[in-house]
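Data first, discussion second: the structure below is written as structure tokens.
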Amino acid sequence: AKKEGKNKIVFFDREKYETVVQTISIEEQLEKAIKKDEFILYFQPILSVKNNSIKAFEVLIRWKTEDGQIVLPEKFIQVAESTGQIKEIDKIVVLKVLKLIKKIENKKIKFPSKKGRFKNVSRVKFSVNITPRFIKEFVSFLTGLTEEDRKILSKNVVIELTERESFEVYTEKESINRLKKMGFKIAIDDFGTGYSSLSYISELKINYLKIDKIFINKMLSDRRVHRLVQSIINIARTFGIKTVAEGVETKRQLEELKKLGCDKYQGYYFSPPVSQEEFEKYIG
Ligand code: C2E
Ligand code: CA
Ligand code: CA
């Protein structure tokens, strides 16, 4: 402890200090990464539970550092959100997706199935993650694009919104409605965790609810979690919202989700996220 002023004793908070130091250093490195274009995209298929056809690919960012290391989002997204750098990063992701959509236009995608055969993919969408806190800026970024590019995006992109810290999705109703007017589909990510709430689904015109992987993971071993998943699916259905289960790793989980009437799924059971390099091998 050290003295501060006359009668105040302040304890040096090592943990907090380290977090601050780490944040500053990640912030600087991110600044460089943005300038040097070190972000790359991975793609994970989202499939129909009913017939196992590929409906979409979720776009997941990775940071490829100078020395070739692949850094996962858990290491930098939160820092980027706190510094605001995520605004720039999310734009970069969307522009890369736009470029990819143009590249695969009129081409066929054949994605390998578990059995080594190939699945034809048609009319596929791309699901991108956008931090809700900066959704206003994101909307004006879209407004600044050419109408043609905006149309290409809105036709092909689902916007996933996660709340890690507060009720931003709820307070940004207007921006979400503008995105919907532009033609984008909206998903609420990590539903049931964090701050996502039931009021969203009655007041915002959401298209998808994504059921978080922690629930899918426990669904078969905990009856209460099983009932929770069932409730989420039933509530969603009441409002005409589709459900997407995340983190499906086993056949049993998939079969259970089918019984419960879940619409779509993604997870290691069918495929982990694959690099853009690999993804592009499947474009013919
Ligand atoms: P998320 O949106 O919930 O993405 C799903 C995460 O689950 C991904 O982690 C994915 O790789 C992982 N996953 C997929 N299948 C399985 C499975 O079967 N089992 C398990 N245990 N995990 C599975 P990832 O790629 O590390 O991304 C972490 C989070 O970072 C994402 O969570 C998302 O919230 C955020 N994120 C990723 N890319 C972006 C981005 O471009 N912008 C923003 N704002 N956030 C992003
Ligand atoms: Ca997501
Ligand atoms: Ca999620």
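The values are calculated or read from the model by the stated rules, or taken from the named source; none is laboratory data. Everything numeric here is computed off the predicted structure, so don't read it as measured data. Please note: Cβ atoms are built from the backbone with ideal geometry, for glycine as well, and neighbour counts cover all protein chains shown. Surface areas here come from the heavy atoms of the whole protein model, side chains and all, with no ligands, DNA or RNA. Shrake-Rupley method; radii C 1.70, N 1.55, O 1.52, S 1.80 Å.
May I have the extent of the alpha carbons of segment 11-117 along their three principal axes, as whole Å values ordered from largest to smallest?
Sorted from largest, the Cα extents of segment 11-117 read 60, 29, 25 Å.
Keeping all protein chains in place, calculate the accessible area per residue for segment 216-284 (probe 1.4 angstrom), answer in Å². Mind showing how you got there, number by number?
Numbers: 3810 Å² over 69 residues.
Normalised by residue count, the accessible surface of segment 216-284 is 55 Å².
Å³ per residue of the Cα convex hull, for segment 196-263? All intermediate terms of the calculation are to be shown ahead of the outcome.
Values: hull volume 5.1 nm³, N = 68.
Enclosed volume per residue, from the Cα hull, is 75 Å³.
Percent of accessible area on the chain owned by carbon and sulfur, 1.4 Å probe?
Working: 8010 of 16110 Å².
Of all accessible area on the chain, carbon and sulfur atoms account for 50 percent.
List the extent of the Cα atoms of segment 35-95 along each of their three principal axes, largest first, rounded to whole Å.
42, 26, 21
Can you pull out the chymotrypsin sites (Phe, Trp or Tyr not before Pro) in segment 149-211 that DSSP calls coil and that have at most 15 other Cβ atoms within 10 Å? Don't skip to the end; give the middle numbers.
Working: sites: Phe167, Tyr170, Phe184, Phe191, Tyr195, Tyr200, Tyr208; in loops: Phe167, Phe184, Tyr195.
Passing both the DSSP loop test and the Cβ count: Phe167.
Send over the per residue convex hull volume for segment 94-173, Cα only, as a whole number of Å³.
119
How much accessible surface does Glu18 have with a 1.4 Å probe, in Å² rounded to 10?
Glu18 exposes around 90 Å² with every protein chain in place.
Just add up the charged neighbours of Glu174: K/R +1, D/E -1, any other residue whose Cβ is under 11 Å from the Cβ of Glu174. The partial results should precede the final answer.
Values: positive: Lys136, Lys173, Arg178, Lys180, Lys181; negative: Glu172.
Combined, the nearby Lys, Arg, Asp and Glu give +4.
Taking Cα pairs under 8 Å and at least six residues apart, what relative contact order does segment 99-167 come out at, in percent?
Values: 50 pairs, mean separation 23.7, N = 69.
For segment 99-167, the relative contact order is 34 percent.
Can you give the net charge of the other residues whose Cβ lies under 13 Å from the Cβ of Glu256, counting K and R as +1 and D and E as -1? Before the final figure, lay out the partial values.
Values: positive: Lys218, Arg223, Arg227, Lys251, Arg252, Lys258, Lys259; negative: Asp222, Glu249, Glu255.
Combined, the nearby Lys, Arg, Asp and Glu give +4.
Any idea what diffusion coefficient the chain gets from Stokes-Einstein, in µm²/s, Kirkwood Rh on alpha carbon pairs, 37 °C, 0.692 mPa s? Could you put the intermediate results ahead of the total?
On the way: Rh = 20.4 Å.
The diffusion coefficient I find is 161 µm²/s.
Compute the signed sum of charges (Lys and Arg +1, Asp and Glu -1) over the other residues within less than 13 Å, Cβ to Cβ, of Ala33. Provide the component values of the computation, followed by the final result.
Values: positive: Lys32, Lys35, Lys36, Arg62, Lys64, Lys75; negative: Glu27, Glu28, Glu31, Asp37, Glu38, Glu66, Asp67, Glu88.
My count for the surroundings of Ala33 gives -2.
Let me have the 222 nm mean residue ellipticity of the chain computed from DSSP H runs of 4+ only, each contributing -39500 (n - 2.57), with the sum over all residues rounded to the nearest 500.
Value at 222 nm, helices only, nearest 500: -13500 deg cm²/dmol.
Return the subset of Lys180/Lys251; Lys151/Lys173; Lys103/Lys258; Lys87/Lys218; Lys32/Lys242 for which the Cα-Cα distance in this structure is over 28 Å, preserving the input order. Let's see the in-between values first.
Working: Lys180/Lys251 35 Å; Lys151/Lys173 21 Å; Lys103/Lys258 34 Å; Lys87/Lys218 34 Å; Lys32/Lys242 39 Å.
With Cα atoms farther than 28 Å apart: Lys180/Lys251; Lys103/Lys258; Lys87/Lys218; Lys32/Lys242.
Under 8 Å for C-alpha pairs, at least 6 residues apart: give me the relative contact order for the chain, rounded to a whole percent.
Relative contact order of the chain: 18 percent.
Taking Cα pairs under 8 Å and at least six residues apart, what relative contact order does segment 130-224 come out at, in percent?
Working: 115 pairs, mean separation 25.5, N = 95.
Once normalised by length, the contact order is 27 percent.
For segment 132-204, what is the accessible area per residue in Å², given a 1.4 Å probe and the full set of protein chains?
Values: 3450 Å² over 73 residues.
Counting only protein heavy atoms, the per-residue value for segment 132-204 is 47 Å².
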